[in-house]
Amino acid sequence: MAAPTVEEIRANAYVGFDTITQQIEHKLLKRGFQFNVIVVGQTGLGKSTLINTIFASHLIDTKGRKEADEPVRQTTEIHPVSHVITENGVRLRLNIVDTPGYGDQINNENCWDPIVKYIKDQHSAYLRKELTAMRDRHIQDTRIHCCLYFINPTGHSLRSIDIIVMKKLSEVVNVVPVIAKSDSLTMEERESFKQKIRAELVHHNIRLYPFDTEENDEEEVQLNESIRASTLPQLVGSERNVIIDGKSVRGRKNRWGVVNVEDEKHCEFVYLRNFLTRTHLQDLIETTAQIHYEAFRQKQLLALKEQTNTRAS
C-alpha cells in the first residue's frame, strides 16, 4: 500500500527548526568520528607508506628495506593500529589494520581465511554489544569500512589468487582495488595494465565499491559512475619531501627523475585521497552498516531463530 502524500507547508514566520543540522553537527563534533580501514596485498607493495601518505601523518611503520641488501620485512599477523587525527576541529579516530602479505608462501590455500575471519569477527563483536540488554549508549565501532586491495604492477594480469581473494572480500567489506608502485611502469604500460585488470574484474563479476541504492539522487549516481570509470587508481606513496621548481612537495626520486605524488600527471594518488576522505568517507561507513553488517546480522539472527525453534520442538 502506497504511503499517503503529505502536503508541504511553508511556515508563516521563523520557527527555528532549520538549526537542527547545526545541532547534529555540534553533537557529532563533540563525539568525533570513526573510520576503520584494512590493507591487503603482497609483501613489499608499499601498503604502510600509502596509508601514511593519504592521511599526511606517520601512522604505521613501513616494512620496506632500510638498506639495499636488506631483505623485505614482513607483517606476520593481523595488526590493528589506532590513532586520533584532528583537522579544523574535527576528530577522526582512525583504525588501520595491517595484514600479512598473502600469497607469499609456496602453499597459499585458504590464505585469505584469517582476513575474512577478522572482518566477520568485528561484525560479530558489534552484534553482541548491540543485543546486550544494558548496551552502551555509543557502541565502539570496529567494523571495517574500507579494504584497500593492493595489486602488484606486473604489467600482465591478475593472479588467480587475487581474483579469489577479492571475490571473498567483496562479500563482507567495501573493496577498493589500487595499483601499487605504478612508477615501476611506463605511462603506456600503466594504461594497458589498467584496462586488462578492469576487464578481468568485470569478467569474474567481482562486486566493488561504490554501490548504487534507491536513496541515491542523480548527482550521487553520476559521482559513483565517474568513480567506477576511474577504478584502479595507479599510485605512488611517499612520506618524504623533494624540491621541484623550488617548491617542497611529497615525492620520490628515481633514476628517471622525480615523481610528485600529488601531481595527477605522475600518478592518481590525489583521486584516491579525495575519494576516501573528501567525497565518500561517510558513505563507506554507511554502506558497511546498511549492506555488509546488515547481511551478517540477518544471517546470524535467522540462524539463532532456527536453533531456538529446533530446541523447542
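Remarks
- Solvent exposure, largest accessible area first (probe 1.4 Å, DNA, RNA and ligands not counted), of I164, I96: I164, I96
- Sequentially through region 110-117, phi angles give Karplus couplings (6.51, -1.76, 1.60; θ = phi - 60°) of 6, 5, 7, 4, x, 6, 4, 4 Hz, Gly and Pro residues having no value and appearing as x.
- For the chain, built as a Gaussian network whose Cα springs stay under 10 Å, the top-fluctuating residue of D217, D121, D162: D217
- Residue with peak Gaussian network fluctuation, the chain [Cα springs, cutoff 10 Å], from E218, E264, E171: E218
- In a DSSP loop and with at most 14 other Cβ atoms within 10 Å, the GluC sites (Glu not before Pro) in region 1-34 are E7, E8.
- Solvent-accessible area of the chain (1.4 angstrom probe, protein heavy atoms only): carbon and sulfur portion equals 50 percent.
- Hz values of 3J(HN,Hα) by residue in region 170-176 - Karplus curve (6.51, -1.76, 1.60), Gly and Pro given as x: 5, 6, 10, 7, 6, 9, 10
- Area accessible to solvent at S226, 1.4 Å probe radius, in Å²: 60
- Solvent-accessible surface (1.4 angstrom probe) belonging to H266, in square angstrom, nearest 10: 60
- Karplus 3J(HN,Hα) series, Hz, for region 151-156 with 6.51 cos²θ - 1.76 cosθ + 1.60 (x for Gly, Pro): 9, 5, x, 6, x, 9
- Local electrostatic count, R198, Cβ distance below 13 Å [Lys/Arg +1, Asp/Glu -1]: +2
- Per residue, in Å², the accessible surface of region 210-279 once ligands and nucleic acids are set aside, probe 1.4 Å: 64
- When Y126, Y209 are compared by accessible area at a 1.4 angstrom probe, the order from most to least is Y126, Y209.
- Within the same chain, lysines fewer than 8 places from K305 are excluded, and of the rest, those with a Cα less than 20 Å from its Cα are K120, K129.
- Protein-only accessible surface order, largest first, of V176, V6 at 1.4 Å: V6, V176
The values are calculated or read from the model by the stated rules, or taken from the named source; none is laboratory data. Quick caveat: nothing in here was measured; it's all calculated off a predicted structure. Note that we place each Cβ from the backbone using ideal geometry, even for glycine, and neighbour counts take in every protein chain shown. SASA here: full protein model, heavy atoms, side chains in, ligands and nucleic acids out. Shrake-Rupley method; radii C 1.70, N 1.55, O 1.52, S 1.80 Å.
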